[in-house]
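Asks: The structure is given below, and queries will be raised subsequently.
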Amino acid sequence: MNHAMRIADSDQLKFSSSLLSSKGTAQAVLEACQQKDATNNEIARLIQTDSVLCSYLIHLVNVSNQATHVVTSLSEAVSLVGIPVIKQLTIGFSLIDQFRSGSTNGFDYQEFWSHSLLMALAMQELGKTTLICAQDELFACGLMARIGCIALATIYPNEYAALIKQKQNSSISIATLEQQYLQTDHNELTATMLIDFGLPKILVEAIYYHEVPAESGFSEGSYPFQLVNLIHLAKQIADFGLASESERAVRISELMLLGGKIGLDTESFGNLIDQITQEWHACGRILQIKTVNLPSFHNMVSTSLPCLEMTTSDTPWRVLLVEDDPFGLESAEEVLSDTLGYTVFSATNGKQALSLAMDIMPHVIVTDWAMPVMDGLALTRALRATAWGQNIYIIMLTGYEDDKKIVEAFEAGVNDYVTKPVNVPAFRARLHAAWHYRRLQEAWERDQLHLKRFAAELAVTNHKLKHDALTDMLTGIPNRRAGMKALTGAWNSANRSGQSIAVMLIDIDHFKKINDTYGHAIGDKVLKEVATSIRNITRKGEIFCRIGGEEFLMICPNGCTDAKSAFPLAERLRQHVKMQEINIDETRIQISISIGIALKDAAMKSDEQLVKAADRALYAAKNAGRDRVYLAIENKLISSNFC
Ligand SMILES: Nc1nc2c(ncn2[C@@H]2O[C@H](COP(=O)(O)OP(=O)(O)OP(=O)(O)O)[C@@H](O)[C@H]2O)c(=O)[nH]1
């Protein structure tokens, strides 16, 4: 379901603008970036006064694959990264500086930035791997992808402290709690601020939906769809990096599945995660942000299974004895520890036992029935109501012998009962049965985990196969098969809604000449660059794919019905590619494209006819001299020049 992007109100907007009025270097750099005639040298000189920004920028250009040599000059770094990214990085670092700490109770500012940095680096590396978007831009976006949390914590410190407290005991999402307490949420505020900071709308929208991508309504395979899923995966990686060890063991399969969705198998995904964590430590040092030492992904995968504690014959059993009668406690303790050799912990009522059990995770609880504060029955029910309390073997010690009482105890969840006074050999036999039960249970849980892991790996492989089957390997965009599938989907839904759709066939002009002049390897690079540059300006709902050698298809299910609305769609792409500088081995290659566009009309019987009409228009554009757009409409072919 699509929930339209909402942005925050004017008071919150004022806050976002006030962040930008930061003093010092940041302000000077931002002002210089606004000026049309500012040179890279001037901007580099300003950046030089901020050692953190300066070191990061040099680090960034050297780790990204933009530079072919080691870059040490700041003005070269500025020119490689580009002014928009410099502006975004300056804002990001200035925000880190201003909000390293704050007064909102329970808000861990250090952890927030640690998470944001990891997410930013994950976005940058995923961008490098998937070629979805310029990686430096992704880094800056990632750094600020959850900045709305800081903003809300700063504007409403008391309410935010209260909602953080509620979050600790609840599974409700933070955004839902924010809506309940503040009638807005961090995603709305983040979007407001990022628009205000001048980030491209397509990125802002993807960030807005990144926590629940399904709410975006982006069509599968489209550019915004890929972008929002990339950001979602980066957030999951950051959550994973900051999770506790036991939580990581649970999250690892889920993470592998997401890796599979972008076409990475377990090994390449693991390498990517290791690369991201290494970068996290390096950048954390530069930006003075704390990071967490993680084992290699491969180690985490292989050790996440044995984290289950296996009971062996040498395992010292932890037994929690719950008894209010001091004499009863002493004698039972003696039997359990001296005679049977168990490690015994004791509590004198159910309430005390419950909190002790949480700390020591006993294998067995031996509890008296009648006790003050919380009796054995209430303790059993409380334990069985929790996830961690399900596996504890509970033996009820009781003086009661009537059947009704025994049934009541089993209904509450005890595994066994022993009547007082305790008969030591019989008690030993029952504890032996408990030991067997526990072993079987652990073996079953282990099998379950193996099965889950196996299912996850299988799903990763399936996703990868599916991804590979629908992705063009050279350019990384959807291939002909994916395009035709998407076209049939768009055609059918246009039939149902009565809306029109437009398709464009896009063909690089004189591509053979490029191959002949520079060789096929350069031809491939040109294809990749053209595909990436068009994909970068694809809008919500549009689907762009490679359907042949140098031919691409764009599906625009945006209700475009006449020449007036169709031509601008195509002209935007044609002019964008024409302006593109393709520099290969210091040679600037000039590229142009021809576009044939067609609109679905009532006379067309199938999507195939629509593509044929676009093909006729493309042929006309080529014949008329190339580097132009032709439209097939009502059996006529018209050029955008005549419009
Ligand atoms: N490098 C490279 N070349 C390819 C690929 N697929 C097809 N080609 C080449 O693309 C060229 C297409 O040439 P033509 O169909 O004559 O078209 P053109 O030279 O672009 O001329 P017009 O379309 O008429 O402007 C051929 O030389 C193909 O070998 C590919 O994946 N990589």
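Taken together, the values in this text are just the output of simple stated rules run on the coordinates, not laboratory data. This is a predicted model, so every value here is computed, not measured. In this analysis, Cβ positions are derived from the backbone assuming ideal geometry, glycine residues included, and neighbour counts consider all displayed protein chains.
Asks: Rounded if a/c is under 1.5, else prolate if a/b is larger than b/c, else oblate: which is the chain, with a ≥ b ≥ c the root eigenvalues of its Cα gyration tensor?
Replies: Cα axes put the chain in the prolate bin.
Asks: Between ILE633 and residues 5 or more places away or on another chain, which pairs have amide H atoms under 5 Å apart, with H built 1.01 Å from N, and which residues are they?
Replies: Residues meeting the amide H criterion: ILE638.
Asks: Would you mind calculating the relative contact order of the chain from Cα pairs under 8 angstrom and at least 6 residues apart, reporting the percent as a whole number?
Replies: 10 percent
Asks: What distance in nm separates the two pseudo spin-label positions at ASP325 and ASP601, each 7 Å out from Cα along the beta-carbon direction?
Replies: 9.7 nm
Asks: Highest mean first, what order results for 50-61, 142-153, 349-360 on Cβ atoms within 10 Å?
Replies: Averaged packing, sorted descending, gives the order 142-153, 50-61, 349-360.
Asks: Here's something else I'd like to know. Can you work out the FRET efficiency for the pair GLN179 and ALA385, with r the C-beta to C-beta distance and R0 = 30 Å, to the nearest 0.05?
Replies: Using R0 = 30 Å, I get an efficiency of 0.55.
Asks: Next up: For the chain, give the share of DSSP beta bridges that are antiparallel, in percent and rounded to the nearest 5; count only bridges with both residues there.
Replies: Bridges in the chain that DSSP calls antiparallel: roughly 55 percent.
Asks: Per DSSP H run of n ≥ 4, the term is -39500 (n - 2.57); total these for the chain, divide by its residue number, and report the mean residue ellipticity at 222 nm rounded to 500 deg cm²/dmol.
Replies: Per the formula, -18500 deg cm²/dmol.
Asks: How high is the relative contact order of region 480-639, in percent, with contacts defined as C-alpha pairs under 8 Å that are six or more residues apart?
Replies: 27 percent
Asks: Counting other C-beta atoms within 10 Å, which of LYS578, LYS612, LYS525, LYS404 has the fewest, and how do the rest follow?
Replies: With the fewest neighbours first, LYS578, LYS612, LYS525, LYS404 line up as LYS404, LYS578, LYS612, LYS525.
Asks: Related question: How many angstrom separate the Cα center of region 388-433 from the Cα center of region 100-160?
Replies: With region 388-433 and region 100-160 each reduced to a Cα centre, they are spaced 52 Å.
Asks: Ok, one more. Looking at this model, which pairs from LYS466/LYS612; LYS464/LYS528; LYS87/LYS167; LYS128/LYS235 are more than 23 angstrom apart at the alpha-carbon?
Replies: Over 23 Å apart, Cα to Cα: LYS466/LYS612; LYS87/LYS167.
Asks: Let me know the longest stretch in the chain that avoids all GluC sites (Glu not before Pro) found in a DSSP loop with at most 11 other C-beta atoms within 10 Å.
Replies: 1-308
Asks: Can you give me the span-like helices of the chain, meaning DSSP H runs with 30 Å or more of Cα extent along the axis and Kyte-Doolittle mean at or above -0.5?
Replies: 109-130, 266-287
Asks: Still on this structure, I have one more. Classify region 452-563 as rounded, prolate or oblate, taking a ≥ b ≥ c as the square roots of the eigenvalues of its Cα gyration tensor: rounded when a/c is under 1.5, otherwise prolate if a/b is larger than b/c and oblate if not.
Replies: oblate
Asks: Taking the Cα centre of region 480-639 as origin, sum charge times position over the Cβ atoms of Lys and Arg (+1) and Asp and Glu (-1), and report the length of that vector in debye to the nearest 20.
Replies: Charge dipole, region 480-639, about its Cα centre: 360 debye, nearest 20.
Asks: If you don't mind, there's one more thing I want to ask. Among ILE593, PRO421, LEU230, whose Cα projects farthest towards the positive end of the dipole of the chain, with charges put on the beta-carbon of Lys, Arg (+1) and Asp, Glu (-1)?
Replies: Final value for the positive-end residue is ILE593.
Asks: Turning to a different aspect of this structure: Ranking request for peptides 335-345, 268-278: highest mean number of other beta-carbon atoms within 10 Å first, then the rest in descending order.
Replies: 268-278, 335-345
Asks: On to the next question. Applying a 10 Å radius around every beta-carbon, put 507-516, 390-399, 228-237 in order of their mean neighbour count, most first.
Replies: 228-237, 390-399, 507-516
Asks: Calculate, in nm to one decimal, what ALA378 and SER73 gain on full extension: separation in residues at 0.36 nm each, minus their alpha carbon distance.
Replies: 102.7 nm
Asks: List the aspartates and glutamates whose Cα sits under 18 Å from the Cα of LYS165, skipping any in the same chain fewer than 8 residues away.
Replies: Excluding near neighbours in sequence, the set is ASP108, GLU111, GLU178, ASP185.
Asks: Which pairs break 31 Å Cα to Cα here: LYS513/LYS600; LYS564/LYS622; LYS485/LYS636; LYS512/LYS636; LYS290/LYS452; LYS261/LYS605?
Replies: LYS513/LYS600; LYS290/LYS452; LYS261/LYS605
Asks: Give me the number: length gained by fully extending GLU220 to HIS576, i.e. 0.36 nm times residue separation minus the C-alpha to C-alpha distance, one decimal in nm.
Replies: 125.7 nm
Asks: What's the exposure ranking of PHE544, PHE93, going from fewest to most Cβ atoms within 10 Å?
Replies: PHE93, PHE544
Asks: Provide the FRET efficiency to the nearest 0.05 for the SER592-PHE410 pair, computing r from the beta carbons and using R0 = 60 Å.
Replies: 0.15
Asks: Using alpha-carbon pairs under 8 Å, 6+ residues apart, how would you state the relative contact order of region 317-443 in percent?
Replies: 22 percent
Asks: Additional query: So how far apart, in nm, are the two label points at ARG6 and LEU356 if each is 7 Å from Cα heading toward Cβ?
Replies: With each label placed 7 Å out from Cα toward Cβ, I get 5.0 nm.
Asks: Once you have a ≥ b ≥ c as the square roots of the Cα gyration tensor eigenvalues for region 317-443, tell me rounded if a/c is under 1.5, and otherwise prolate or oblate according to whether a/b is larger than b/c.
Replies: rounded
Asks: At a Cα cut-off below 27 Å, give the lysines reachable from LYS420, other chains included and same-chain residues fewer than 8 away excluded.
Replies: Within reach: LYS351, LYS404, LYS405.
Asks: On to the next question. What list do you get for ARG384, ARG496 if you sort them by fewest beta carbons within 10 Å?
Replies: Fewest to most other Cβ atoms nearby, the residues stand as ARG496, ARG384.
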